[in-house]
Structure formats: C-alpha cells, structure tokens
Amino acid sequence: MEVGNASMYDGASATAEAVLMARRINNKSKVILSSALHPEYREVVNTYLFSDGNNIREILYCTETGRTLPEAIEKLVDKDTACVVIQQPNFLGSIEDIKTVSEIVHKNNSILIVAIAEPISLGLLKSPGELGADIVVGEGQAFGNGLNFGGPYLGFFATLDKYLRQMPGRIVGETVDKNNKRGYVLTIATREQHIRREKATSNICTNEGLCALAAAIYLTAIGKHGLMEIAKLNLSKAQYLKKGLANIKGIKIAFTAPTFNEFVIETEKEPDVVIKALLKKGIITGPSLKKFYTELAKHMLVCVTEMNTKKDMDILMEGLSRI
C-alpha cells in the first residue's frame with residue numbers, strides 16, 4: 001500500500017473505520033462482510049453502524065473450503081455497495097482468494113477492504129495491495145507486543161494515495177529543520193480538533209503510539225528476512241500439527257483450503273468437553289466455534305506460532321488421542 005497512518009486502537013476499530021472511510025469515498029451505504037471475518041470485528045462494525053439502519057449484509061463461507069464464496073459476493077454486490085470486507089487468512093484459518101474477490105468488487109466500483117488479524121502471515125503471503133485491495137487494516141500485536149491480558153493492542157491502517165484525505169487518524173511525515181537535521185512532523189490530522197468539524201473524517205485521536213513504537217523496533221530488529229523466517233516457522237509447525245491431528249481417531253480437519261498457522265478441527269466429542277479435559281492436563285487449546293457459528297457445534301480452532309515447540313505439539317496430540 002502507498003500510505004499508512006500513525007496507528008489505530010486495534011484491528012477491530014481499524015476495520016470499522018475503514019468501512020466508514022469507504023462510504024465517504026463513494027457515497028454508497030451498503031456494506032458486505034464475510035461471515036469468515038473475525039466475529040468480534042463484525043460486531044464492532046455493526047456497533048459503529050448501529051444507527052444507520054439495515055445496510056450490512058453477510059456473505060456465507062464455503063462449508064468445504066472454509067473460504068468466502070466468490071459467487072455469493074457476486075450476487076450481493078451491486079451499484080449501492082460501498083465496500084466488501086474479508087479477512088486474510090480468515091477467522092477459520094483459510095487463505096482467501098483475494099484476487100478473484102477484488103475483480104468482482106471493482107466491477108461495481110466498490111471498495112475492497114482486507115483485514116489481517118495475523119500480520120506475521122505477510123512474511124510469506126502476497127500482500128493484499130498487490131492483489132487489488134483498496135484499504136488494508138489489521139492487528140499488529142504480533143509485532144513485538146505482549147498479549148497483555150487483552151490490550152492495549154495495535155491497529156494498523158493503510159490505503160492508496162488517492163484516498164489519503166479520507167483516512168482517519170494521523171499521518172506523520174519526515175522533514176528537516178533549519179540546521180538540516182532530520183525531524184518528524186504531524187503532516188495530516190483529520191480530527192475535528194485540528195480542522196473544521198464538518199471536514200473531519202473521524203473522531204479517533206488517541207492512538208497506540210507506544211505499541212506502534214514497539215512494533216517498529218521489533219520489525220527493524222528482525223528485518224525482512226527475519227519476518228519471512230518467522231512466518232515459515234509458523235507455517236511448518238502448523239502443518240506438522242495438522243498432519244498429526246488428522247491421524248487421530250475422532251478428529252477431522254474441517255476445511256480443505258490452504259492455511260497459515262490456524263486451522264479448524266472437528267471432534268467426535270463436544271469441544272467444551274475436550275477443552276476441559278485438556279485443561280486438566282495443563283494444556284490450553286483454541287476456542288470452541290459453537291458460540292460463533294451454530295453450524296460448527298463440534299469444531300475447534302487450533303493455532304500454532306513460532307513460540308510452540310515440537311514437544312508442545314506432541315503433548316497436545318497425545319492428550320487428544322487419550323480423550
């Protein structure tokens with residue numbers, strides 16, 4: 001992407017602000033969300049647009065692949081559609097076909113927003129901007145920030161130069177002083193305290209500057225190749241666990257689409273029973289998907305990162321095989 005702001009609250013608020021920005025750009029009201037977008041992101045978008053009537057639609061995901069259905073997007077997108085929002089990789093772990101989705105969305109002069117909840121994936125996956133996204137937002141916590149019991153986190157927001165004036169938040173630019181020393185300045189701030197209220201794009205002001213600084217230090221320290229190596233570790237470890245779980249009786253890999261470091265498993269026993277039994281063994285697993293998707297009543301989300309060892313994964317597989 002061509003320009004990014006000085007951070008947002010988190011991935012969910014960045015997604016909601018992106019939706020508002022898309023509506024400002026094309027003066028359309030209809031918003032289409034993938035049902036494979038993080039449920040909490042969808043909830044925040046719905047909260048932001050609560051007073052705006054019934055202008056949000058959800059696209060079904062494919063029950064075989066776990067991907068958003070392009071044909072469902074094609075049916076819903078029309079001349080009144082402001083934007084389509086998908087996640088990469090999505091909440092079910094599946095890697096979306098952004099290029100195909102982009103072609104469908106842009107036929108109707110709508111905006112494609114791609115949300116990224118796992119930014120480490122960008123070390124391997126082609127960037128959404130290369131595939132046709134107009135706005136890319138997401139959660140940057142994985143870049144050197146702790147989990148912190150749920151926050152503070154780090155929202156990032158990037159778009160094309162032509163949409164710069166519609167961006168929420170602040171743009172910090174580099175300059176030089178009278179002694180030719182490098183410095184930084186608040187180049188654009190589109191909040192009503194800085195400009196005329198009627199021209200403000202968003203009320204967001206307090207950003208996650210400290211978390212953004214930590215992310216900048218982390219990325220500087222590991223570099224481009226370091227990020228790629230970490231992404232490879234995530235992918236290879238997840239593939240090891242996925243293959244191992246597929247061989248355990250009573251467990252099935254739910255979807256066929258390629259995945260990065262998360263995937264869904266289907267269990268014969270109730271996921272809540274499985275989660276409690278593993279917890280007694282000192283193993284913390286991913287969540288049951290029942291509370292998010294009624295059709296996934298016997299499904300669990302599994303995640304592996306560079307922090308998990310082979311021993312950790314073997315203990316999980318042994319624990320599941322004994323339940």
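Using packing as a proxy for protection, rank 124-136, 222-234 so that the peptide with the highest average count of other Cβ atoms within 10 Å comes first. Intermediate results must be reported in sequence, preceding the final value.
Numbers: 124-136: 19.8, 222-234: 15.4.
In decreasing order of mean packing, 124-136, 222-234 become 124-136, 222-234.
For region 270-291 and region 62-113, write down the distance between their C-alpha centroids in whole Å.
If you average the Cα positions of each part, the centres end up 32 Å apart.
From the backbone phi of region 15-29, what are the Karplus-calculated ³J(HN,Hα) couplings (6.51 cos²θ - 1.76 cosθ + 1.60, θ = phi - 60°) in whole Hz, Gly and Pro given as x?
Rounded to whole hertz, the list is 5, 5, 5, 5, 5, 4, 5, 4, 5, 5, 5, 10, 6, 10, 10.
Search the structure for amide H atoms under 5 Å from the amide H of Cys83, placed 1.01 Å from N in the peptide plane, and list their residues when 5 or more places away or on another chain.
The answer is Ile32, Ile111.
Can you tell me the orientation of helix 209-246 relative to the chain, as the angle in degrees between its alpha-carbon axis and the longest Cα principal axis, to the nearest 10?
30
What FRET efficiency would be calculated for the residue pair Ala189, Glu64, taking the C-beta separation as r and a Förster radius of 45 Å, to the nearest 0.05?
Numbers: r = 47 Å, r/R0 = 1.04.
Efficiency, rounded to the nearest 0.05: 0.45.
Rank these for me by crowding, Ser121, Ser94, Ser51, going from fewest to most other beta carbons within 10 Å.
Values: Ser121 21, Ser94 27, Ser51 6.
Ordered from fewest to most neighbouring Cβ atoms within 10 Å, Ser121, Ser94, Ser51 come out as Ser51, Ser121, Ser94.
Figure the gain on full extension for Glu318 and Asn179 (residue separation times 0.36 nm, minus the Cα-Cα span) and round it to one decimal in nm. The partial results should precede the final answer.
Details: separation 139, 0.36 × 139 = 50.04 nm, distance 6.52 nm.
Gain in length upon complete extension: 43.5 nm.
Equivalent-ellipsoid semi-axes (√(5λ), Cα gyration tensor) for the chain, whole Å, largest first? Let's see the in-between values first.
Numbers: eigenvalues 249, 123, 57 Å².
The answer is 35, 25, 17 Å, longest axis first.
Between beta-carbons, use under 15 Å as the cut-off and find the net charge around Ser110, counting Lys and Arg +1, Asp and Glu -1.
Details: positive: Arg23, Arg24, Lys28, Lys30, Arg57, Lys75, Lys79, Lys107; negative: Glu74, Asp78, Asp80, Glu103, Asp134.
Overall, the nearby charge balance is +3.
In whole percent, what relative contact order does the chain give with Cα contacts below 8 Å and a gap of six or more residues? Write down the numbers at each step before the final one.
On the way: 644 pairs, mean separation 59.4, N = 323.
Averaging sequence separation for qualifying contacts and normalising by length gives 18 percent for the chain.
Round to the nearest 10 and give me the degree value, 0 to 90, for the angle of helix 310-321's Cα axis relative to the longest principal axis of the chain.
50
Of Ala6, Thr100, Ala16, which is farthest towards the positive pole of region 3-215's charge dipole, taken about the Cα centre with +1 and -1 on the beta-carbons of Lys, Arg and Asp, Glu respectively?
The one lying farthest along the dipole's positive direction is Ala6.
Where the only charges are on Cβ atoms (+1 Lys, Arg; -1 Asp, Glu), what is the dipole of region 227-323 about its Cα centre, to the nearest 20 debye?
Values: 16 positive and 11 negative charges, 53 e Å.
For this selection, approximately 260 debye.
Once phi is turned into θ = phi - 60°, what whole-Hz ³J(HN,Hα) does the Karplus curve with 6.51, -1.76 and 1.60 give for every residue of region 73-83, x standing for Gly and Pro?
5, 4, 6, 8, 6, 9, 5, 9, 7, 6, 7
How high is the FRET efficiency from Asn148 to Asn26, r the C-beta distance, R0 51 Å, rounded to 0.05?
On the way: r = 37 Å, r/R0 = 0.72.
It comes out at approximately 0.85.
Any chance you could run the full-extension gain for Lys224 through Lys291? It's 0.36 nm times the residue separation minus the Cα-Cα distance, nm to one decimal.
Numbers: separation 67, 0.36 × 67 = 24.12 nm, distance 3.77 nm.
Extending this stretch completely gives an extra 20.4 nm.
For each pair in Lys162/Lys224; Lys30/Lys75; Lys249/Lys298, compute the distance between the two Cα atoms and list the pairs where it is over 21 Å. List each step's numbers first, then the result.
Numbers: Lys162/Lys224 27 Å; Lys30/Lys75 13 Å; Lys249/Lys298 15 Å.
Beyond 21 Å between Cα atoms: Lys162/Lys224.
Measure nothing but the geometry: give the 0 to 90° angle between the long axis through the Cα atoms of 271-280 and the longest principal axis through the Cα atoms of the chain, rounded to 10°.
For 271-280 against the chain, the angle is about 80 degrees.
May I ask you to evaluate 6.51 cos²θ - 1.76 cosθ + 1.60, the Karplus curve with θ = phi - 60°, for each residue of region 257-267 and list the ³J(HN,Hα) values in order in whole Hz, giving x for glycine and proline?
Result, ordered by residue: 5, x, 10, 9, 10, 10, 7, 9, 10, 10, 10 Hz.
With a cut-off of 8 Å between alpha carbons and a minimum separation of six or more residues, what is the relative contact order of region 224-321 in percent? Kindly include the intermediate steps, with their values, before the conclusion.
Working: 128 pairs, mean separation 30.0, N = 98.
With pairs under 8 Å counted, the relative contact order is 31 percent.
What is the magnitude of the charge dipole of the chain about its Cα centre, with +1 placed on the Cβ of each Lys and Arg, -1 on the Cβ of each Asp and Glu, and no other charges, expressed in debye to the nearest 20?
Numbers: 39 positive and 36 negative charges, 58 e Å.
Roughly 280 debye for the chain.
Can you give me the long-range amide H partners of Ile204? Hydrogens built in the peptide plane at 1.01 Å from N, cutoff under 5 Å, separation of 5 or more residues or another chain.
Excluding prolines and chain starts, which carry no amide H, the hits are Gly169.
Coordinate-derived values only; no laboratory data. None of these values were measured; they are calculated from a predicted model. Glycine also receives a Cβ, built like all others from the backbone with ideal geometry; neighbour counts cover every protein chain displayed.
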